Structures are given as structure tokens and as C-alpha cells.
Amino acid sequence: MKPLATLLFAVLFVVPVQAATVLREWKADDLMRWSGGALKKQRLENGVLTLDAGPGDAMLISPVFEAFDANPSQRIELEMQSDVFGPAQWFWTGSTEGKFGGFSGEKTTAFSTVAGGFTTYHLEPFWQAEKRILRLRLDFPEQQAGHYIIKALRIVEEAPSAPLALPLRAVPLENGLWRGRLNWLAEQGSFATVRMTTPLGAGQVGALSFASDAVNGLHRVTFPLRADGQAHTYNIDMGADVNWRGHIIELRLQPVVGQKTNAQIASLSLGTEPQGPADLQVTFLGLHDPMARSGKPVKLEAIIVNHGGEAAQNLKAQLKVNGARLLSADAPPAQIEYGVPEKLSWIVQADKPNVARATLTLPGATAYTTMLDFRAPLNLPKAAYVPVPKPAKSDYLVGAYYFPGWNTASRWAPLRAFSERQPLLGWYHEGDPEVADWHIKWAVEHGINFFLYDWYWDRGARQLEHGLEALFKARYSNALKFCLLYANHNSAGSHSAEDFEQITKFWIDNYFKRPNYLKVDGKPIVVMFAAQNPAHDMGVENVKATFEKMRALCREAGFKGLYLVACSNDGTGPLAQLKAMGYDAVTAYNWPALNMTSAETAAHRASYETNIEGYKAAWQRLAEADVLKLIPPVAAGWDSRPWAGDKALVRYGRTPQLFKRHLQDAKQFLDTREQNPKLKMLLVEAWNELGEGSYIEPHREFGFGYLEAIREVFAPQSAKPQEILPSDIGLGPYDVAREPTTTQWNFVKAKTPLGWEGNIAKLRIEDGALYFTTRGNDPILGSPSLLLRAARYPNFVMKIKASRDVDGQLFWSTTSSPLSEANSVRFAIEGDGKFHEIKVRLADKSRWRGVITGLRFDPGSFDNVEIEIESILLGNAP
């Protein structure tokens, strides 16, 4: 990554090149007068500029020239030949002030060089917010030696077209793209409504891009496609991109990212709310109990989403089941509104073990078919507790990262729309020792030796410790080893020698002395998530001294030291500094973006298969560098849509079979290429990163498939364990209780916090109020999960008392945008020890739109502030 921060991508699509006026032109002899960095043999030959670049941060920098006014109709045209394919950048500026002479990461245009003959690059910087341009800089592909020949560089300007009036009908495509000039005030509305038909199997995502007069660059919002040959409504929240502000001056629609297609676009419009007729989609159809037994009734469930702005009324669903009997059906909801998933359910029964076929048809929606696996009943007696684990035998140390994030209904809420991820234990209460014992049993019986628990500390403030607490209370705790992943992705300034000393003493007293804490040659092992953060705060030399002090404390406690493992990227560049800091080994939490093409990067979609191929190459690369020992990381997948929405990166096509191939690659690496000391250790991401889409815990889609892959590769001499669920022996369910859906919380009469929780201390109901004290410098209070139309709840009202003046901030998330600074509003809270009513008109906020999924209240940034809340209301209060 370039050190100057975010890059603005100029060419997202192939666009038609219009006749243009040349504003500036530099021939080869002009370019010869540009200065260079990490360039060799910069020379004129036969009327062209020839140079050799890198490896290193090679660049060609113009002198300051007579400025020209910047506008969105201008292009950079570069005629160049290269022998390198790689990411390059144009930097541009209207000022010479600042650390980099006016250049910065916010003023860039990224493109990829093409190896071969001469190529003319037509780049659209959309630098209109810069106002004027007086200097340019070309950065060649970093860390790659290359030979370049440049004929000419030009700045050209097209004649601007007249702004279009919306809505548009029968929108034409040219080369798979529609583009148009607009004059749309972003505050007028952020929802783009597209009615479109794409061919069957055409692709996975489309994209709408825009430019604004208030910010540089062309910005893009992707949306999932329903490429089935039928007309569908797409309501795309452009406000999910924080750059949707000012006047929108350009809009582009690419129906299928990375492809030219004969999609038919019936209409395109912009507005304040989702529009268009009801458009239903079945997103899931399956058994509530994924390992259902024949001979008894089970629930069949479907999840329905309406993508149209109008509500679907009087739903008529047709379900056909072959191989099982349909016993009854629940009444469908009265209506299905935009963006709010609704559930349909039936009771079915298979009289004998078989794989039944179920098909659900809804008006105007593509029929959805799924297979229902009815297994033979086990006829086991009722048990008093989780059966005793029978650990598999293995010569390898297989660890799985464990994310302790599933202890409340609110935390599970984003997963419920992704029913294929439902654990076989259900939406369980993490922190229950009996749940931990099921995890222990299933892990050790399939060859997993230890869990690496995500552990959070920020200057003494801790959170999400319930997973470890459950492990310590579990009956079979000693059957599984554990260690810590220090999730130190805290704010800048949060790492110090004194803090690390406190941390180490806490680790020794609370974790390291336990008999099942994992050690390497007598040294407790800790993995550091943000391995570079200590150096950012303290400097490399101070980190090294601090780590030595931590090791000394461990030796004083009777251990042989401390084995510190750094999470890093897949490159060899950071290794030397990590070694200088004092790390013993290197690994990763995940590398989800490995081995993607430029088109896949643009689409945020790529296969899991190519991801695991990238991992294999990265292991070899890091091992061959021979700077730090590599403990190979292994990926179970990646699809973070529950956290990040439709803009998330998705590695599609993950299966237990591909995961097994990935494990076999890891085993071969350990057997043939592992560096000393040979630990035979690998780290799987993760047991239960269900929100990130990287999980091996037994779940609805693949059952025990991922665990079986681990056993077959690393413990093949151990017999396959019997797949027993709690319901088979009369145990469970372990589901966490769900708070009733509401928009009013009155704590005066409450007995519990009503689903509100967060990074705070002493949360409780006391004297008719929700009471807590802030913890650390980033205290938060999160709401229960919500699914409500923002337009119906224009106001936020809170009755609150604080022990000191604080600046409050309310955040919200929607189905299309996560919690963010843009999705927030600030207000002052008086700290006079009296209750005050805070009223906020949310309807006036342009991003309070669509379907709201959650709230978060930040009560300032001070530690140990006492807060009391009598009530919180969303509604029509004046």
C-alpha cells in the first residue's frame, strides 16, 4: 500500500473517448526535465523518453507549471510502453504546500500499467474539487523493476454534455456502461432506483458510480445482482458512500461489473426513499433443525426480502415437497416491506431417511429449490450432560481463532438474514459452560488442539471475556488448550511500556498459570493482531526493550520466557522490522484479498479457490525470506456482508472439499518447508467468525464438513466421531433470549437493560434508570437489533443524567450502510447531576433513510463518568 493513504481510482470502466481539446502537452524532451526518484538511465532516444525504474518507490515529478482550472471533463492521456504489469498512480495538486509538496493520498488517480507495446492510457481524475492543477507526479509500480518508454503526456478536455433530467426511461448502454451528466443536490435524496433485466448467470454484482463537485474522484457503490433473465428492482443507497454530498455531477451505471452485457435498463431515478413495485426474493429455504431426523415433525423455514419500495400485500406462496409430508403452514405476514426480511414457516415430516426436494414459488419471484436431508433417528437415551469428548490423535498442533462475540440477541441479529450460517447449537448464549463443552467436544474429536481467543484490552479496559470465562468453567476445559490473540487494534497512543507491563502481569495471573495454556518450549504463546501498532506508538527500539521486559516478567513467574507471534500481511517487507521489534514468529489472522484480478477487486467478488492458491504462494514466499519463522495461517472463507453490507468483499464458492485441499497444502508445507523450530502448528481462521464468513463451527450449510476435513487431514488414524446434536440426547436448546422488538425503552419500570449493552462498566437497572459508568476513552452503548423504516421515526428523545459535561453522539446503521461518522449526530449533555431531555430531529439528517438496523450511543470520551438514562424513544415526539 502506498504511504500517502487512500487511492482514488480513475478508470473503473471502459468509456467512450470523445473528441477533446488539448490543454497541456508534454513531449519527450519536456518530460526529460521532470525530476525522478528511484529512476535509472533517464534519457532521450529517438524522440521518446526512456527510463528504468525501481525496485523502490520510483516516480517522475513535474516542475510547477502554469495552473489550469480543474473540471470533471478533463482526462490525463499517457502514451507509454512498459514491460511491467502493476498498479501505478498519478498524483496531482493545485498547491505546493505540505509535507509532500502539495501531493497527498486524497489527490491521486490509480491505474494499472500494461506490459507489451505502446498503450494510450485515458484516465479520468475527476479532480474538480481541487479547483486548479499546477503539478503532476507519476508513480510507477512499487517494488518492481521496470523499463518504460514514454512518447507524450497530455491533459485534454471534452466538451461537457447537458445535465440530464431524472427519471430516465429505456436507458441505453454503450460498451456495457451508461454514463450521464447530472446536477443533482445530494441532500435531495440518496436512493437510486434501477429497474433492470440481466441475462441468466451474467454476474454477481453491478455498480453505480458518481462524481461530486465537493470531493475529488469517481466513487462507486456496488449492489448484488439477480441475474436470472427477469426484470428486478434495485434500490441502491448511494448515501452509503460518505462522498455522496454537494452536487452530483456525473452518474454511471455498469449492470455487471467486469463484463459487457446486453442488460435491459427500463428506468433509473433518484429519490429520498426506495421506490418501485414490490419485488420479492427468497433468500433462504431450509429446515430449522439442519440435521433433522425422520419420523418426527420439523419446521421448514423461508426468508423473504422485498427489494421494491412498495410493500407486497396478500402474499400467496406455493410450496411443493417431494420426499416428505406437508403437515401444516403458518399464516404469512400481512405485508412485506422494503428491506425487512420476513419469515414463512411450515411443518413437514419424512417417514423414512431420505433427501427430500422442496420448491417455493412466490408471485413475480424466481422459484427457489432446496434439498432437505432427513437422517435416521439415533434413538439415544436422554443424557444428563454433554457426552465426554474422545480427542483425536494427531502429530500436528491445529489451532482455531475464537471470536467471543455471540453472547446476546443483538450480536446475533445481523446473522439471522444469513440462515446458512446458523450454528448447529442454534443462536446460542455464548458464555454458558455447557455450550463451551459442546465446542470443546466437537473441536478435539476432529483434531483441533487449541483455541486462540480474541482478547481485548485498551489501557486497562477489557471486554468480551465471557468466552474465556465459559472455557474455565467448562467440565472438559482441560481437554482443549488455549492461548490469546491480543486484539490490539486500539486507537493511536494506546500502547506503552507501562501498559504492556500491566498486561503481562494480568496474563500471568489469570491465564499463563493454567495447565491448559499453550506453551512453546515452556514459553506461553501470544499472537499480536496489530503487530505494528506498538512501534507506531513507541518506536521499534522501545518495543524491543518492552518485549524483553515482558519476557523477564514471565521468567520471574517460572516460565522460560514469552513466545510472541506477529500477525502480518502476505509480503516480506515488514519481516525485518517485526524481527527488530522482538517477535519470535509471524502468522496472520486472514488474507482475504489474496490473489484477485483487477476486475475481481473492482467487483469485490472472487472465488475461495483462488484465495487458497494465494495462501499457498504466500507461505512459500514468507518461508523463503527466512527472516522470521512462519506459522501458516489457514482460511475457512470470507464473506463479511453481515458486518459491512453489500459493499463487502466476498470469496464465493467455499466448500469443505476446497477447505480440505487448503489443509493438505498446509500439511505439505509443514512436512517439507517448515522453518525451525518445527512446531507442526497451523492457525485456522476461524472457529466462529460468522460475521466475517470464516467459520468451521458445525453449522446449517455444511454441518460437520469443515471439522471432518481437519480430522481427515491431520488425524486420519482417528475414527470419525458420531455426529450427535443436543436434541438427540434431550439437551438444549441454548438459544439466547430475544428482547421484544420496540422503539421505546422505559427503564423506570424495567428490571433488565432491555437489550442495551456495550463497552461500559457496571451496567444495571438502579433507582428507575439504566445506570453505567464509562470505561476507557471510547465508551459505547449499543441498542438491541432493529428493523424499521427511518421515515416513520423522525425523532430521537433521551432522558439522561451525567456526572460531568460530555459530548454525546448517536450513530445508526442501515441495511445498506454500517455504523459510521457520517451516520451520526452530536449533542451536548450537561453534567449537573440532573435529568435532561435530549431531542434530536433525525428526519433532517440526509442519511437517516431506508431501514435502520441498530443504534449506538457514545457518551463522550472520558473514563469513569456516571450515566443514568430513564428512557429512550424513537418516534413522532415533537
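Kirkwood analysis of the Cα pair distances in the stretch 139-275 returns a hydrodynamic radius of 16.4 Å. Legend: calculated FRET efficiency, Ala367 to Glu541, from the Cβ-Cβ distance at R0 = 60 Å, rounded to 0.05, equals 0.40.
Ordered by solvent-accessible area of protein heavy atoms (1.4 Å probe), largest first, the residues Glu310, Glu434 come out as Glu310, Glu434. The fraction of accessible area contributed by carbon and sulfur in the stretch 169-318 is 46 percent, rounded to a whole number (1.4 Å probe; ligands and nucleic acids excluded). Accessible area per residue was computed with a 1.4 Å probe on protein heavy atoms; Cys483 scores about 0 Å².
Apolar share of the accessible surface for the stretch 602-674: 47 percent from carbon plus sulfur atoms, 1.4 Å probe. Over the stretch 663-725, the reciprocal of the mean inverse Cα-Cα separation, the Kirkwood hydrodynamic radius, stands at 13.4 Å. Peptide packing for 688-694, 343-349 was compared via the average number of neighbouring C-beta atoms within 10 Å per residue; ordered from the highest value, the list is 688-694, 343-349.
Note on Ser345/Phe118: beta-carbon distance plugged into 1/(1 + (r/R0)^6) with R0 of 56 Å gives a FRET efficiency of 0.30.
Over the stretch 361-503, with the other protein chains present, what is the accessible area per residue in square angstrom, probe 1.4 angstrom?
On the way: 5240 Å² over 143 residues.
About 37 Å² of surface per residue is accessible.
Tell me, how many Å apart are the Cα centres for the stretch 45-87 and for the stretch 561-622? Result: 31 Å between the Cα centres.
The apolar share of the surface of the stretch 109-149, taken as the fraction of accessible area on carbon and sulfur atoms (1.4 Å probe, ligands and nucleic acids excluded), comes to 49 percent.
Rank Arg181, Arg325 by accessible area, highest first, at a 1.4 Å probe radius?
Result of the area sort, largest leading: Arg325, Arg181.
Taking label points 7 Å from Cα along the Cα-to-Cβ direction, Ser104 and Glu158 give a separation of 2.9 nm.
Computed with a 1.4 Å probe over protein heavy atoms only, the accessible surface of the stretch 600-715 comes to 31 Å² per residue.
Taking the three principal axes of the alpha carbon atoms in the stretch 633-698, the coordinate ranges are 42, 23, 22 Å, sorted in descending order. Checking the Cα-Cα distances for Lys441/Lys667; Lys519/Lys667; Lys647/Lys680 against a 28 Å cut-off, the pairs over it are Lys647/Lys680. With the simple model of a label 7 Å out from the Cα in the direction of the Cβ, Ala311 to Ala266 spans 2.3 nm. The antiparallel fraction among DSSP beta bridges confined to the chain stands at about 85%.
Multiplying the residue separation of Lys131 and Phe827 by 0.36 nm and removing their Cα-Cα distance gives an extension gain of 247.2 nm. Loop-located GluC sites (Glu not before Pro) in the stretch 14-118 (DSSP state other than H, G, I, E, B) with a sparse environment of at most 16 neighbouring Cβ atoms within 10 Å: Glu66, Glu97, Glu106.
Ellipsoid semi-axes for the stretch 474-620, based on the Cα gyration tensor and the rule √(5λ), read 31, 20, 13 Å when sorted largest first.
For the stretch 163-215, the spread of Cα coordinates along the three principal axes comes to 37, 21, 19 Å, biggest extent given first. Once the C-beta distance of Leu319 and Asn746 is scaled by a Förster radius of 41 Å, the resulting FRET efficiency is 0.50 to the nearest 0.05. Sorting Ser294, Ser394 on solvent-accessible area from highest to lowest, probe radius 1.4 Å, gives Ser394, Ser294. Is the C-alpha gyration tensor of the stretch 83-166 telling us rounded, prolate or oblate? Criteria: a/c under 1.5 is rounded; beyond that, a/b larger than b/c is prolate, otherwise oblate. Note, shape of the stretch 83-166 comes out oblate. Just check the stretch 239-279 against the gyration tensor rule for me: Cα atoms, a ≥ b ≥ c as the square roots of the eigenvalues, rounded for a/c under 1.5, and otherwise prolate or oblate depending on whether a/b exceeds b/c. Cα axes put the stretch 239-279 in the oblate bin.
As a test of understanding, state the convex hull volume per residue of the stretch 199-279 from its alpha carbons, in Å³.
So the per-residue hull volume is 99 Å³.
Projecting label points 7 angstrom from Cα along Cα→Cβ for Ala761 and Lys27 puts them 7.4 nm apart. Sorting 424-432, 492-500 by average packing, meaning the other beta carbons within 10 Å per residue, from highest down gives 424-432, 492-500.
Descending by average beta-carbon neighbour count within 10 Å, the peptides 276-285, 115-124, 374-383 line up as 276-285, 115-124, 374-383, the highest first. Size of the stretch 542-614 from its Cα atoms: along the principal axes, largest to smallest, the extents are 54, 22, 16 Å. Its alpha carbons considered, the chain gives a radius of gyration followed by a Dmax of 29.1, 89 Å.
Please give the per residue accessible area of the stretch 725-786, computed with a probe of 1.4 Å over protein heavy atoms only, in Å².
Value returned for the stretch 725-786: 48 Å² of accessible area per residue.
Dividing the convex hull volume of the alpha carbon atoms of the stretch 763-878 by its residue count gives 99 Å³ per residue. Mean residue ellipticity at 222 nm, helices only, the chain: -4000 deg cm²/dmol; runs of at least 4 DSSP H residues each add -39,500 (n - 2.57), and the sum is divided by the number of residues. Between the alpha-carbon centres of the stretch 728-765 and the stretch 423-464 there is a gap of 20 Å.
When only Cα pairs below 8 angstrom with a gap of at least 6 residues are kept, the chain shows a relative contact order of 9 percent. Within the stretch 516-637, antiparallel bridges make up roughly 20 percent of the DSSP beta bridges whose residues both belong there. Diffusion coefficient (Stokes-Einstein, Kirkwood radius over C-alpha pairs, 20 °C, 1.002 mPa s) for the stretch 271-386: 138 µm²/s, rounded to a whole number.
The values are calculated or read from the model by the stated rules, or taken from the named source; none is laboratory data. What you see is a predicted model, and the numbers here were worked out from it, not measured in a lab. Because the Cβ atoms are built from the backbone with ideal geometry, glycine has one as well, and the counts that use them run over all protein chains shown. Just the protein is used for accessible areas: all its heavy atoms, side chains included, with ligands, DNA and RNA removed. Shrake-Rupley method; radii C 1.70, N 1.55, O 1.52, S 1.80 Å.
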